[in-house]
Amino acid sequence: MLLLKNFILASRSPRRRFLLAQIGLEPEIIPCEIDEELDPSRSPAENATSLALQKARTVAAGISWGIVLGADTIVALDAHMLGKPIDHDDAVRMLEMLSGRTHTVATGFALIDRLPTGM
């Protein structure tokens, strides 16, 4: 594993951590709690990108320097965007709703490079 000093993942997602490990990166994990309200006037991709940027900015504001990666994924079925399931039963309900149906998955990423003070 390559540990880049001050490379931070603004997510608690085990899947994102696994994907980064596949390319040899082992980031520091600083989960970000933001209001992940979806804007129905925006596309799934626009919502995902906006939320990823909010997460990256929130974590970057709390560090003196480093590279912060924010990410968010939105699943949409027909014109309905699904948020994060609230519990196991909600996740099962969503998976049953999606099963056998064509749906859209959009992931947005944001990368913020905070330079050390004085540079």
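Read the figures in this text as sums done on the coordinates, not as results from a lab. Keep in mind the model is a prediction, meaning the values are calculated, not measured. Using ideal geometry, Cβ is built from the backbone for each residue, glycine included, and neighbour counts are taken over all protein chains shown.
Observations on the structure shown:
- For the stretch 1-64, the spread of Cα positions along the three principal axes, ordered from largest to smallest, is 41, 27, 14 Å.
- Once the Cβ-Cβ distance of Ser99 and Ile29 is raised to the sixth power relative to R0 = 35 Å, the FRET efficiency obtained is 0.65.
- Of the GluC sites (Glu not before Pro) found in the stretch 1-75, the ones in coil according to DSSP and having at most 15 other Cβ atoms within 10 Å of their Cβ are Glu33, Glu36, Glu37.
- Mean residue ellipticity (222 nm) of the chain, computed from DSSP H runs ≥ 4 via -39,500 (n - 2.57), nearest 500: -10000 deg cm²/dmol
- Counting only Cβ charges, +1 for Lys and Arg and -1 for Asp and Glu, the dipole size of the chain around its Cα centre is about 460 debye.
- Extended-chain gain in nm, criterion 0.36 nm per residue less alpha-carbon gap, Phe18 and Val92: 24.3 nm
- On the basis of the beta-carbon distance and an R0 of 35 Å, Asn6 and Glu46 show a calculated FRET efficiency of 0.75.
- Spherically averaged projected area of the convex hull of Cα atoms, the stretch 9-119: 8.2 nm².
- In the stretch 45-119, taking the dipole from charged Cβ atoms about the Cα centre, the farthest positive-side position among Gly70, Thr104, Leu115 is held by Leu115.
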